[in-house]
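Visitor: Here it is, the structure, as C-alpha cells.
The values are calculated or read from the model by the stated rules, or taken from the named source; none is laboratory data. Just so it is clear, the model here is predicted, and its values are computed rather than measured. Backbone-built Cβ (ideal geometry, glycine too); neighbour counts: all protein chains shown. Surface accessibility is based on the protein's heavy atoms, side chains included, excluding ligands, DNA and RNA. Shrake-Rupley method; radii C 1.70, N 1.55, O 1.52, S 1.80 Å.
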Amino acid sequence: MCGIGGVFTHHAGDSIDPQLLVNMAAIQAHRGPDGFGYQIHDSGVGMTHARLSIIDLEGDRARQPFRSSCDRVLMAHNGEFYDFQRIRAELVAQGVRFNSKSDSEILLHLYLQQGLEATLPQLRGEFGFALFDRDVDCLYLVRDRFGIKPLYWTMTSEGLVFGSELKVLFAHPAVKRDFSSEGLFHQLMQTMVPGSTAFAGIFQVQPGHVVKVQRQGGLLRTSGHKYWDLDFPKADERDPAIGEEEHIKAIRSSLLEAIEMRLVADVPVGCYLSGGIDSCSILGLAAAVNQTPIKAFTIGFDDSRYDETDIAREMAEVTDAEQDVMRLSGDDLYDHFETTLWHTERTIYNTLGVAKYLMSRHVRHVNYKVVLTGEGSDELFAGYPAFRRDMFLHGQDHLSNGDQEQRQKRLDQANSLVTGAMLAAKPVEDPHLTAAVGFTPSCLQPWLACAPLVPSLLAQHHREAMQGYEPGKAIAAALDRSQIEERHVLDRAQYVWIKTMLEGQILTWGGDRVDMANSMEARPPFLDHHLAAVAVQVPPELRIKDQREKHVLREAVAGLLPERLYHREKFAFMAPPAHADDEKLQKLDQLVQMHLSQESIEACGLLDPEGVQQLLERHRNAETPAHERVQLDAMVNHLLGVQILHKLFVQTDVPSQARQAADARGWQVREPAKVF
C-alpha cells in the first residue's frame, strides 16, 4: 500500500515543477514512509508515489512511478494486486521481462499487452491507480470495485490534479480549498452523495469506475464508465437447484481462498479481532492456514456495554492466537479527535474512527505493517439490523401486522444502544429513495432523520444556497437503477448500503484513512470480488433465516466459532457515545468550547451560532430521550468535524505545509529532474 498523486496539464508542452511532486508525496508520507519517487513525462504529465514496502523489499527496484521501456506508459499504483505471482509467471512465459518482484508491475505489462478493458477483470484486490498512455494522450484514473482504496481528482487552471488523499490535491497551489454548500450539508447529516466530497469541485473516483481524461485541442475532457458492479441476480435468475449446503460450501471455499491470497506478504501479517463473527471467521481460517500463530489485535472499551474483549479472548484462545488488547477511555478518544480528522478528511459520527486510528498506531509500534480485517461481511451477508428490518417490512409479504410488530420489538430491544445511529427511532420516508428503491432503506433513515435539523445549523449564505434542497433526491440520483430493478428487497437494501455507507464511512473513516494514517495496511478478505460473486447468488432466505442474520456465513464457519459467538446476534461495533460517560462528555465539552464558540463559528463562516447553541442545549438536557441523544451525539461530532476540517484544510496554507513536510524528511528533487 502506498500513496499516489500527480498532474496532467492542459497542454503537452506545459512544464511541471518537480518540487511540487515531491511535496505531494511528502504530505502523504504516512501512507508511504519507506521512500518516494516521481516521474515527469514530456507529454505534460507528472506522477509521484510514497511507498510502504510490503512486497519486494529488495532495494529500490520496486520504486514507483513505473514507466515502460518504450516510454509510452507511465503509471502509479496504490494498493495490492493478489494472485500477481501467477499473472507474472504467465507473462514471463510469453517473453515479458520484469524489472521488479512488485505486484504493481503486472499492471504495466498487462496494459501494454492487452489494453485497459481486458486488464481490469484480471486485477484482484484493492487499488487506486493512475495510468498515462502517450499514444492516445490520455490519463486513466481507476479505483477498486468496492472503494477500499481512495482516489480523488479536480480540474484546475493548470490541469487535472489527482491523489490518494485530499491533502495531496491541496498541496497544489492551483487547487481551491472551499466547502461546497452541498458538501457541508451532507457532512452534517453523515451520508455523502456517492462520488462527492465536502469540497467544491473535488470528486472521488467512484468504486468500480474508470475516469478517462482525454487531452483534445488544449482542453482536458473527462468521462467515466463503470467496469464492475455487484450485479445481484434478478428474481428469476438464481438457480433454485443449488441447495443450502452447496451455498455454504461455496462460501467457505471462496472465503478461504481470499484469506490465503491476503496472507501473502514479505512482512508479518496479523488480524484485527473483535467479538463479531466477521473478524473471528478471518482469524479462525487464517490460523488454520498459517504454520505459525497469528497475532490478533483487539480494541477494548472501558464501558462494558460496548466492550467485546471477552468473546474476542475466547476466540484467540481457540485458535492459539497471540492476542494484543488495547484498552481505550474517553480521554484517549477525544484527545486524538482532531488528528484523526486530519487523516479522514471528512466528519465522523462516532469516535470508533479515533479508536481505529489509535489501534493502527499501536500495530505499527509492535512492528506489524499488515492486518486482515472483517469489513464487508455484513454487507455481503446481511448482517446489519437495518437489513432485518427491511426484510420483514418489505420482503416477507406473508407476515401479519402482528408478526411484523413482534419482530420490530425484538429488533429494537437488541439494538437499543445504537438506535438513533444504526436504526432510526421512527420510520423516515423519502419519496425519491422510495421511487428509486421501492422503499426508503432503513440504513439511510437515521441520517435522513438528521437532515431537517441541518438548515438551522448552517450559516446564512449556505442556508440560502440549500433552500429546498432534498438530500434523499441527490443520493437516489447517484444510484444505478439497473442494479436495483427486479431485485429482491434484501438485495436492494444491501446494494444501497454498499454504495453509500460502506464506501463513505466503513472504508473511509473506519478503514483506509485511519489505517494508513500510521502506515498500516488493512486487507479485507470479505471484499474479494470473487467471493462477492458467490455471495450474491445466496438466496435472501439463507442470508437471513429465522430472523438470524448472516446464516450462511455462520454455517460455513460453524466448526471454528465458540458456541456463544455462533448463537450471538449482531451487535454494532461502536465506541461509547459521549453522553454515555461523564468523563467523555467533559472531553467533548472541551472541544466544543474550542471549536464551537461564537468566535470560532463566525471566523469559519460555515455554521450559525444560534442554531448550534440550541442543538448543544438539547444534547446536554438529561430529559432528552436516549435515542435522540445518540442522534445528537453524532451531530455534535459532525459540527466539530466541519469546524476542524476548515481549520486544517482551508485556514492552513497546505502547499507550504507540504513543502515543510518534504524538507523535514529530506525528500528533495533529484538534480537534474529527469523528463522523458
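Visitor: Within the set of pairs 6 or more residues apart or between chains, which connect a residue that is in contact (Cβ under 8 Å) with a residue 60 or more places away in the chain and within 12 Å of L256 (Cβ to Cβ) inside region 286-297 to a residue that is in a loop (DSSP other than H, G, I, E, B) and of a type outside the set (F, W, Y) with Cβ atoms less than 7 Å apart?
Guide: So the pair list comes out as A286/L263; A286/I294.
Visitor: Test of understanding: among L423, L444, L507, L458, which residue is open to solvent by less than 20 Å² (accessible area, probe 1.4 Å), aliphatic (A, V, I, L, M) and farther than 30 Å from L616 by Cβ?
Guide: Exactly one of L423, L444, L507, L458 is open to solvent by less than 20 Å² (accessible area, probe 1.4 Å), aliphatic (A, V, I, L, M) and farther than 30 Å from L616 by Cβ, namely L507.
Visitor: Testing G559 on (1) farther than 26 Å from V354 by Cβ; (2) buried (at least 20 other Cβ atoms within 10 Å of the Cβ), one condition comes back false. Which one is that?
Guide: G559 satisfies all of (1) farther than 26 Å from V354 by Cβ; (2) buried (at least 20 other Cβ atoms within 10 Å of the Cβ) except (2).
Visitor: Further question on the same structure: Starting from region 91-117, take each residue that is within 26 Å of D266 (Cα to Cα) and list its partners that are in a helix (DSSP H, G or I) and open to solvent by 10 Å² or more (accessible area, probe 1.4 Å), counting only C-beta distances under 7 angstrom and pairs at least six apart or across chains.
Guide: Close Cβ pairs (under 7 Å, with a partner that is in a helix (DSSP H, G or I) and open to solvent by 10 Å² or more (accessible area, probe 1.4 Å)) amount to L91/H109; V96/H109; F98/R88; F98/V92; D103/F84; I106/F84; I106/R88; L110/Q122.
Visitor: Next up: Hey, among the residues in region 517-556 that are touching a His at 6+ places or on another chain (Cβ under 7 Å) and over 30 Å from S53 (Cα atoms), which one's surrounded by the most Cβ atoms within 10 Å (Cβ to Cβ)?
Guide: Among those residues, the one meeting the criterion is R543.
Visitor: Here is a list: I40, I27. Which entry is open to solvent by less than 20 Å² (accessible area, probe 1.4 Å), touching a Gly at 6+ places or on another chain (Cβ under 7 Å) and in contact (Cβ under 8 Å) with a residue 24 or more places away in the chain?
Guide: Just a single option satisfies the conditions, and that option is I40.
Visitor: Considering only residues that are under 24 Å from H529 (Cβ atoms), small (G, A, S) and open to solvent by 10 Å² or more (accessible area, probe 1.4 Å), which ones fall in region 197-224?
Guide: Across region 197-224, the qualifying residues are S223, G224.
Visitor: Test each condition in (1) touching a residue at least 40 places away in the same chain (Cβ under 8 Å); (2) touching a Ser or Thr at 6+ places or on another chain (Cβ under 9 Å); (3) surrounded by fewer than 19 Cβ atoms within 10 Å (Cβ to Cβ) for M594 and report the one that comes out false.
Guide: Only one criterion is unmet by M594, namely (1).
Visitor: Further, regarding this structure: Within region 154-178, how many residues are open to solvent by less than 20 Å² (accessible area, probe 1.4 Å) and touching a residue at least 40 places away in the same chain (Cβ under 8 Å)?
Guide: Qualifying residue count for the region: 15.
Visitor: Here's something else I'd like to know. So S68 passes all but one of these: (1) among the polar types (S, T, N, Q); (2) open to solvent by less than 10 Å² (accessible area, probe 1.4 Å); (3) within 27 Å of the chain's Cα centre (by Cα). Which condition number does it fail?
Guide: (3)
Visitor: I would also like to ask the following. Show me the helices (runs of 4 or more DSSP H) entirely contained within region 578-660 in which 2 or more residues are within 21 Å of G420 (Cβ to Cβ) and basic (K, R).
Guide: So the answer is 582-595, 609-620.
Visitor: Within region 282-313, which residues are open to solvent by 50 Å² or more (accessible area, probe 1.4 Å) and more than 24 Å from R523 (Cβ to Cβ)?
Guide: D302, S304, R305, D310
Visitor: Now for a different question. Go through (1) open to solvent by less than 20 Å² (accessible area, probe 1.4 Å); (2) more than 30 Å from H365 (Cα to Cα) and name the single condition C271 misses.
Guide: Against the list (1) open to solvent by less than 20 Å² (accessible area, probe 1.4 Å); (2) more than 30 Å from H365 (Cα to Cα), C271 comes up short only on (2).
Visitor: Could you figure out which of (1) without any contact (Cβ under 8 Å) to a residue 60 or more places away in the chain; (2) closer than 30 Å to Y566 by Cβ; (3) surrounded by 18 or more Cβ atoms within 10 Å (Cβ to Cβ) isn't true of V363?
Guide: That leaves (1) as the condition not met.
Visitor: Can you pull out the helices (runs of 4 or more DSSP H) entirely within region 381-481 that have at least 3 residues that are over 23 Å from the mean Cα position of the chain (by Cα) and at pLDDT below 95?
Guide: Qualifying helices (runs of 4 or more DSSP H): 385-394, 401-414.
Visitor: Looking only at region 303-336, filter to residues that are in a loop (DSSP other than H, G, I, E, B) and free of Cβ contacts under 8 Å to residues at least 40 places away in the same chain; which one of those is farthest from V370 (Cα to Cα)?
Guide: S304
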